[in-house]
Amino acid sequence: MSEAGTSTSNVFTDAVARMVQIGEAAGIDAEIIDALRQPRATVAAALPVRMDDGSTRYFEAFRCRYNDALGPAKGGIRFHPNVSIEEVRALALWMTIKCSVVGLPYGGGKGGVIVDPKKLSRLELERLSRAYMRAMADFLGPDVDIPAPDVYTNARIMGWMADEYQAITRRKSPAVITGKPIELGGSLGRDEATGRGAFIVIEAYAERVGLDRAQTTVAVQGFGNAGYHVARLLQAAGYRVVAVSDSKGGIYSEAGFDIDSLYTTKHESRLLKGVYCENGICELVDHDTISNEDLLELDVDILVPAALEGVIRADNVDRIRARTIAEVANGPLTSAADAPLFDRGVTVLPDVLTNAGGVTVSYFEWVQNKQGYPWTLDEVRTRLADVMNKAFDQMWAYKTEHGVSARAAAYAVSMQRIANAISAGGTRAWFRAS
Ligand code: GLU
């Protein structure tokens, strides 16, 4: 029996509508926009998993290869009860835009399993991860489609999947998946890469608009891998991180938090809302100071949604008071929130640029695996900064020249690159002219 997933059937329609609207306004060839309206392929499978009590349960799983004009498809695998085929498709479209924004030689893909991984034992989780790879191995490969971690998947799960793939193909091919443990060919710096990339983007933006870090307050929704690292780096650079939350609730302190101490305490308790901090010292207490909704509506300079999609929508966008939103999650704003925020002068640093540090270091991992030559952490960080800063500059130049939102600018640059690759193979205009 598979676990029931909450339907998020409009997330893909919304993602396509936004892409089409931005693409048309940017003058992208209609043929190219049409190519991006639907995925090239989506595989659905039922994964049989032997549970610890001896029974077999079936989990619904997906892998979507959205577009591969720029190179093999690339994107994570999500384990979450709310996964749906539509969500996987939306995430795969965003990966297509994202890889192109930062100039990687990749198309976009995504995968997911409808499961609450917190309810599985470690052995059940391993069997599920291996079952995913057994079902999908024919559609994946280092030059075809390369998965990575996403929500509720991690390096250990990537390690199991890589091992399973290598057992199936009877070859060592670590480049089939990224975000692996270092011992199995993972890259140094991959764990912090999404947060570090977002930090670089926020810093580049702060530089452009002249933000005074010590006066800049930040609220971070989501304290997973991406949220934790971006909060840590912002705090270390002098920003005041005044609110943090996880799926169970959040905490607020006007003086700001010491993120590392918060992280340690959360990992002792598994629950952020039970953590109380004063003067940089955090301890466990039994209270809930702020809800996730309240956090989104705080009067802060920078709001960082770093959890799931669709948290800022038509029904709450009017209550958002942040001056800047840095989208570290994928799709935290529905398209209905774009225009109202733009009209109010709120800058939204879009997901397809802001969280692209993760896939960028995934690309570095893939390159290292193909070369059989690992890089130092310094090399990874320096190259990540180069990629992110270059992409930010290109986005900002387009935004300044055309007077559009940062999202529209990032999409336009990205879609033009995809258009150039597709056109290099010949378009209607080219064939008609010859
Ligand atoms: N899941 C991450 C993302 O959404 C990383 C993908 C990857 O490294 O391929 O960008």
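The values are calculated or read from the model by the stated rules, or taken from the named source; none is laboratory data. Since we're looking at a predicted model, the values are computed, not measured. In this analysis, Cβ positions are derived from the backbone assuming ideal geometry, glycine residues included, and neighbour counts consider all displayed protein chains. These area figures cover heavy atoms from the full protein model, side chains too; ligands, DNA and RNA do not enter into them. Shrake-Rupley method; radii C 1.70, N 1.55, O 1.52, S 1.80 Å.
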Can you give me the pair-distance distribution of the stretch 142-279, C-alpha pairs, 5 Å bins, whole percents?
2, 9, 17, 17, 15, 12, 11, 8, 5, 2, 1, 0
Where Rh denotes the Kirkwood radius from the mean inverse Cα pair distance, what is Rg over Rh for the stretch 187-262?
0.97
Once every Cα of the stretch 295-391 carries one equal point scatterer and solvent is ignored, give the base-10 log of I(q)/I(0) from the Debye formula at q = 0.20 Å⁻¹, two decimals.
-0.91
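Restricting to DSSP H runs of at least four residues, report the calculated mean residue ellipticity at 222 nm for the chain, -39500 (n - 2.57) per run over all residues, nearest 500 deg cm²/dmol. Please report the intermediate quantities before stating the final value.
Values: 15 runs with 190 residues, N = 434.
It comes out at -14000 deg cm²/dmol, rounded to the nearest 500.
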Roll a 1.4 Å probe over the protein chains and send me the accessible area per residue for the stretch 90-209 in Å².
36 Å²
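Filter the cross-link list LYS119/LYS266; LYS118/LYS248; LYS74/LYS266; LYS118/LYS266; LYS74/LYS248; LYS180/LYS370 down to pairs whose alpha-carbon distance in this structure exceeds 22 Å.
Values: LYS119/LYS266 20 Å; LYS118/LYS248 14 Å; LYS74/LYS266 32 Å; LYS118/LYS266 16 Å; LYS74/LYS248 31 Å; LYS180/LYS370 14 Å.
Pairs exceeding the cut-off: LYS74/LYS266; LYS74/LYS248.
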With no solvent and one equal point scatterer per Cα, compute the Debye intensity ratio I(q)/I(0) for the stretch 33-114 at 0.15, 0.24 Å⁻¹ and report its log10, rounded to two decimals.
-0.53, -1.02
Expressed as a percent, the accessible surface of the stretch 70-212 that is carbon or sulfur, using a 1.4 Å probe and the full set of protein chains, is 51 percent
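What does the charge add up to near VAL144, with Lys and Arg as +1, Asp and Glu as -1, over the other residues with Cβ less than 13 Å from its Cβ?
Numbers: positive: ARG40, ARG63, ARG65, LYS74; negative: ASP68, ASP138, ASP143, ASP145.
Once all neighbours under 13 Å are counted, the net charge is 0.
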Per its Cα gyration tensor (rounded if a/c is under 1.5, else prolate when a/b beats b/c, else oblate), the stretch 141-206 is best filed as prolate
Taking +1 at the Cβ of each Lys and Arg and -1 at the Cβ of each Asp and Glu, which of PHE257, ALA206, ALA25 sits farthest along the dipole of the chain towards its positive end, judged by Cα position relative to the Cα centre?
ALA25
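Give, rounded to the nearest 20 debye, the magnitude of the charge dipole that the stretch 334-434 has about its Cα centre when Lys and Arg contribute +1 at Cβ and Asp and Glu contribute -1 at Cβ.
Details: 10 positive and 9 negative charges, 79 e Å.
It works out to roughly 380 debye.
Give me the one-decimal Kirkwood hydrodynamic radius in Å for the chain, with the sum taken over alpha-carbon pairs.
On the way: mean 1/r = 0.0455 Å⁻¹.
Computed over Cα pairs of the chain, the Kirkwood hydrodynamic radius comes out at 22.0 Å.
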Cα gyration tensor of the stretch 42-188 diagonalised, 5x eigenvalues square-rooted, in angstrom largest first, produces semi-axes 24, 17, 13
For the stretch 332-434: rounded, prolate or oblate by the Cα gyration tensor [a/c cutoff 1.5]
oblate
If each part is reduced to its alpha-carbon centroid, the stretch 49-95 and the stretch 365-434 end up apart, in Å, by 25 Å
Just how large is the dipole of the chain about the Cα centre, in debye to the nearest 20, putting +1 at every Lys and Arg Cβ and -1 at every Asp and Glu Cβ?
1400 debye
Say the dipole of the chain comes from +1 at the beta carbon of Lys and Arg and -1 at that of Asp and Glu; which of ALA307, GLY179, GLN394 then lies farthest toward its positive end?
GLY179
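With +1 on each Lys and Arg Cβ and -1 on each Asp and Glu Cβ, how big is the dipole of the stretch 114-238 about its Cα centre, in debye rounded to the nearest 20? Present the calculation step by step, with values, prior to reporting the outcome.
Values: 16 positive and 15 negative charges, 66 e Å.
For the stretch 114-238, the charge dipole is close to 320 debye.
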Measuring from label point to label point, each 7 Å out along Cα→Cβ, what is the LYS248 to LYS370 span in nm?
4.3 nm
The distance between the Cα centres of the stretch 327-346 and the stretch 119-178, in whole Å, is 34 Å
So for TYR66, TYR373, what's the accessible-area order with a 1.4 Å probe, most first?
TYR373, TYR66
Approximate spin-label separation THR382-THR56, in nm, with each point projected 7 Å along Cα-to-Cβ
5.4 nm
Given charges at Cβ of Lys, Arg, Asp, Glu: the stretch 81-122 dipole, positive-most of LEU93, PRO117, VAL83
PRO117
